[in-house]
Structure formats: C-alpha cells, structure tokens
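Just so it is clear, none of the values below were taken in a lab; they were calculated from the coordinates. On a predicted model such as this, the values are computed, not experimentally measured, just so you know. Cβ atoms come from the backbone with ideal geometry, glycine included; neighbour counts cover every protein chain shown.
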Amino acid sequence: MIRNIYVFGATSKIAEETIKHFAKESANFYLVGRDIDKLGIVSKDLLARGANKVELETCNALDWEKHPATVDKADNSIGQLDLIFIAHGTLPVNEDIRNNQMKVIEEFNINCTSIISLCTVASDYFEKKGKGTIAVISSVAGERGRQSNFIYGSAKGGVTKYLEGLRNRLFEKGIKVITIKPGMVDTPMTKDFKKGLLFASPSRVGKEIYKGIKIGRDVMYVPGYWKIIMGIIKSIPESIFKKLKL
Ligand SMILES: NC(=O)c1ccc[n+]([C@@H]2O[C@H](COP(=O)([O-])OP(=O)(O)OC[C@H]3O[C@@H](n4cnc5c(N)ncnc54)[C@H](OP(=O)(O)O)[C@@H]3O)[C@@H](O)[C@H]2O)c1
C-alpha cells in the first residue's frame, strides 16, 4: 500500500496529474520543489481531493548536498516513506546551448546528475527500511541520440541506464525501481511546441503513471504506443540513422 509519498519536482504538471490519484486514497505527501507559491497551489489541490497531510519544502535539484536532508525531513514529518517519486526536468533548445560548455553541463546536471543523487539517497533510505518504491520520470528521448535534442536525450539516457542497474541491484531486497518514459506531453515544458497527433494530455499520462506505480511495473512507456515508435526508431541501422534529420 502506498500511503506516504515524497515527490521531488512536485510542481511538474505530469507529477501533479499523477499524485492527485493518490490524494483520493488519503495519502500523505512531502512535496519538494523550487517555488513555495507553486507548491502551495499543488498542496491545496491535493487536500481538496482528499489528501490526509501535505508538507512542503523548497530545494533546487542542483543543491544536491541538501537532498539527504529532504528525505530525512519527509520521514520525520509524514512517517516512513512508501514512494519516492522524482519528476523534475528541463528541456533546453539543443541548438541554443550545444556550444555553450557551462550551459550543457548545467542541463546535464539537472536532468541526470541530480536525479542520480536523489536515487542514491532514496535507495539508501529504502534499503535501511527494507521496502519501498522509487519511481523516476525519464523520457523516450533517452532511447536514441538525435541531433535535435541530444543534450536532454543523453541526460535521460543516463538516467534510464542508471535505473536499469539500480533495479537489478535492489530487486532481491524487495525495493521497486520504476522507469517512466513519457513521449510528448502537453505541459509547460512543451508550451512552444506545435501540438501534433502524438501529443498526449497530462491527465492521461498522469493516470497511466499512477496505475503503473500501483501495479509496480519496471518500465513504462506513456502512452503505450511510444514503445512501438521507439522500437522502430531503435531498429534503424546507425549508418542510415546518422543521415536522417531528426
Ligand atoms: N512534457 C513532455 O513532453 C515530457 C516528455 C518526456 C519526459 N518528460 C519529463 O517529465 C518530467 C516532468 O515534466 P513536465 O512535462 O511535467 O514539465 P513541467 O510541468 O515544466 O515541470 C518541470 C518541473 O521541473 C522543475 N524543475 C526544473 N528545474 C529544476 C531545478 N533546477 N530544481 C528543481 N526543480 C526543477 C520545475 O520546477 P518549477 O515549477 O519551479 O519551474 C517543474 O516542477 C521531466 O522530467 C521531463 O523531462 C516530459
């Protein structure tokens, strides 16, 4: 049973649309994000939907020395955690930053290093408790490097590979590690994108993630059709793929 939930990046639209389903089951939440006002709005909504308790904390993902304390404080305020859900991320315009060394490092740190930092804290926490679930939003963008988004994509690819190994390590200890790979979702992150047929609504994606976490799936493509799309993209030989403008 998932009752006590820690969320990093709790103001993410996809996270919001996921955790609102747990609120209906009277869950307790510890929400971490950068902006206390935005966290307050999420908190109000969760309480209105039936959440039992919601506590808030501000932390920038790049302040990784603060990550362990956020989990300790969550445990102290809402009780032993059942789920640590990591959702934050940024989607840079590849062309704007690709030759800017410091910007590339910063984007990689937000989308990969900070997530590995949080997962390290989460796995240590759950190993000591002997149970728990770590769910992380990666992306289909991590499946294959493309010229239009290889900085974001390689960071997500790093997360996906890291989670694969972590799942393998924690399996026998009864700790679940869930990799979530959304395709294109209509959220603030993609506000400047032209919305085509493949775009999914955050509510659909959130509901599917909620169900996947409840079932305890290892890897989920959301919506599911992205598994087929990425299967095709991954099957293209590199000698051809490198010539495509994707
Ligand atoms: N939307 C898509 O098409 C799509 C597709 C695949 C994967 N994803 C992934 O899904 C996750 C959620 O994205 P979303 O679509 O829900 O976008 P979103 O609504 O724009 O949410 C992004 C979240 O990341 C937080 N964030 C960014 N930089 C941060 C930092 N340095 N420290 C702490 N928090 C930070 C933002 O906080 P603020 O509210 O303070 O800005 C916001 O909560 C991300 O990991 C994203 O990469 C999204």
Exercise. Tell me, how many Å apart are the Cα centres for region 173-198 and for region 1-66?
Worked result: 18 Å
Problem set entry | Violating pairs (Cα-Cα greater than 23 angstrom) within the set K214/K234; K38/K66; K176/K227; K66/K207 | K214/K234; K66/K207
Problem set entry | Long-range HN-HN contacts of A135 with modeled amide H, under 5 Å | I84, F85, I86, I178
Exercise. Mind checking the angle between helix 225-235 and the chain's longest principal axis? C-alpha axes, 0 to 90 degrees, to the nearest 10.
Worked result: 40 degrees
Seminar exercise, completed: The base-10 log of I(q)/I(0) that the Debye equation returns for region 51-205 at q = 0.09, 0.18, 0.20, 0.21 Å⁻¹, one scatterer per C-alpha, is -0.32, -1.18, -1.34, -1.40
For this session: Using just the helices of the chain, give the 222 nm mean residue ellipticity in deg cm²/dmol: DSSP H runs with n ≥ 4 each add -39,500 (n - 2.57), and the total is spread over all residues, rounded to 500.
Result: -14500 deg cm²/dmol
Exercise. With Cβ to Cβ distances under 14 Å as the rule, what net charge do the other residues near K181 carry (K, R +1; D, E -1)?
Worked result: +3
Exercise. Under 14 Å from the Cα of K24, which aspartates and glutamates turn up, not counting those fewer than eight places away in the same chain?
Worked result: E16, D45
Exercise. Mind checking the angle between helix 150-170 and the chain's longest principal axis? C-alpha axes, 0 to 90 degrees, to the nearest 10.
Worked result: 50 degrees
Exercise. Going by average Cβ neighbours within 10 Å, how do the peptides 41-51, 163-173 rank, with the highest at the top?
Worked result: 41-51, 163-173
Seminar exercise, completed: Magnitude of the Cβ-charge dipole (Lys and Arg +1, Asp and Glu -1) of the chain about the Cα centre, nearest 20 debye, reported as 900 debye
For this session: Return the subset of K156/K195; K103/K245; K13/K128; K156/K243 for which the Cα-Cα distance in this structure is over 28 Å, preserving the input order.
Result: K13/K128
For this session: Rounded to the nearest 10 degrees, what's the angle between the helix 202-215 long axis and the longest principal axis of the chain, both from Cα atoms, 0 to 90?
Result: 60 degrees
For this session: Find the percent of Cα-Cα distances in region 139-246 that exceed 20 Å, and round it to a whole number.
Result: 47 percent
Seminar exercise, completed: Here the gain from full extension of K243 to K191, 0.36 nm per residue of separation minus their alpha-carbon distance, amounts to 15.8 nm
